[in-house]
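Since every read-out is calculated from the coordinates, none of them should be taken as a lab result. Quick caveat, the model's predicted, so the values are computed rather than measured. Neighbour counts are summed over all protein chains in view; Cβ atoms, including those assigned to glycine, are modelled from backbone coordinates with ideal geometry.
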Amino acid sequence: MKVKNKNFSTIWIENSEVKIIDQTKLPFEFKVQKLKSLNDFCKAIKDMKVRGAPLIGVTAAFGFAKSIERNSSKINIKKCYNKLLKTRPTAVNLKWALDTLKKKLLKTIPSKRAILATELANLIRNDDIENCKKIGQNGLRIIEQIYKKKKQTVNILTHCNAGWLATVDYGTALSPIFYANKAQIPIHVWVDETRPRNQGALLTSWELKNEKIPHTVIVDNAGGHLMQNGKVDLCIVGSDRTAMNGDVCNKIGTYLKALSAYENNIPFYVALPTSTIDRNLKKGSDIPIEIRDGKELSDLVFEKSNKLLSGRIYKNQTSTFNPAFDVTPSKFITALITENGICKANYPSIKKKLKK
Ligand code: MRU
């Protein structure tokens, strides 16, 4: 997507070096960073300089490839795999990308591993872009249908950031929104702040602003009220891991939005590439939920006099609990929007989409 009229993706190779946009600085500062050592890659994922399920997977693939360029031994393959896998537990794209590389690298002679690893990382990156475009085109049909009936601005609620910053380009939940905007369908997006890291207020609103798409940031608790009062036509969110029965794990707070949408008869869609489907997982309750530092609740990063500062918004004298994701049971999900088309959130429909 464009940033100040220049095309950017979230991760790319320039002169054989891997570059990323440091998302911890957005929207205040647009900073590009080089990732070199395996530690750089692990830290970028852990510290959320790169985040969002698909992007975490692609970053891990490049981290793996860069390390194999330096040492293509079997021991190093296992070391890289284990180190990268430990960075963040919930988004399955990380394991999926690492498994893809490990399996193929172990079947290849050491002298050919470096080239193969880079080829695979590039393939995963390019596939992610193509898949997100298709998710956008498939999701556009849903927005078009609602607009045809309503003949007025379509109000879409989204949670967290499932835009191009969460993928390589285009995004998942925001991709249909970008396509609808291009198709000149009048839309307005309700952007959940998404406490505690505020990916909605900081990143989603930045993406929408760049595309000149009308949007309004709301506190996370406002969604129910808006849905109850007819201000939301549909919800679209992303997914970090989807179980084979259609349960979806996404940013904490997604479940509450789905409950409210269900109660108010508002369609609730989840947009995801099939790389986010965990083929080995029967149900969402088995998904490992990342528990992050409780400090994220009380300590916020903010801008003052053009400087990024961090400060406490309440005294951290009591115990805190900070689960980063929750699971939305499939019965609350209207449909899944994938690169292979739209499907019901249940086992037989998901199985069909995986066969494509
Ligand atoms: O903790 P984050 O910022 O990595 O969480 C991101 C999300 O929850 C997104 O909604 C999800 O990864 C889907 S992104 C395409």
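Quick notes
- Averaging the sequence gap over all C-alpha pairs within less than 8 Å and six or more residues apart, then dividing by the number of residues, gives the chain a relative contact order of 16 percent.
- Under the convention that each Lys and Arg Cβ holds +1 and each Asp and Glu Cβ holds -1, the size of the dipole of the chain around its Cα centre is about 960 debye.
- Gyration tensor verdict on the range 174-239 (Cα atoms; rounded if a/c is under 1.5, prolate if a/b is larger than b/c, oblate otherwise): oblate
- Listed residues N181, A271, H215: farthest to the positive end of the dipole of the chain (Cβ charges): A271
- Within a straight-line Cα-Cα reach of under 13 Å, K95 can be paired with the following aspartates and glutamates, leaving aside sequence neighbours fewer than 8 residues apart in one chain: D240, D278.
- A helix-only calculation puts the chain at -12000 deg cm²/dmol for mean residue ellipticity at 222 nm, using -39500 (n - 2.57) for each DSSP H run of at least four residues, averaged over all residues.
- Using the average count of surrounding beta-carbon atoms within 10 Å as a protection proxy, the listed peptides 322-332, 28-38 rank, highest first, as 322-332, 28-38.
- Each peptide in 242-248, 304-310 receives the mean, over its residues, of other Cβ atoms within 10 Å, and ordering these scores from highest gives 242-248, 304-310.
- Ordered from longest to shortest, the equivalent ellipsoid semi-axes for the range 234-320 are 32, 17, 14 Å, each the square root of 5 times a Cα gyration tensor eigenvalue.
- Distance from the Cα centroid of the range 11-36 to that of the range 215-245 is 30 Å (rounded to whole angstrom).
- Cα gyration tensor shape for the chain, rounded if a/c is under 1.5, else prolate or oblate: prolate
- Over the range 2-127, equivalent-ellipsoid semi-axes from the Cα gyration tensor in Å: 25, 15, 12
- Exceeding the 19 Å Cα-Cα cut-off - candidates K2/K46; K151/K231; K149/K231; K86/K283; K148/K257; K43/K86: K2/K46; K86/K283; K148/K257
- Remark: the Cα gyration tensor places the range 120-204 in the oblate category, a/c being 1.5 or greater and a/b not exceeding b/c.
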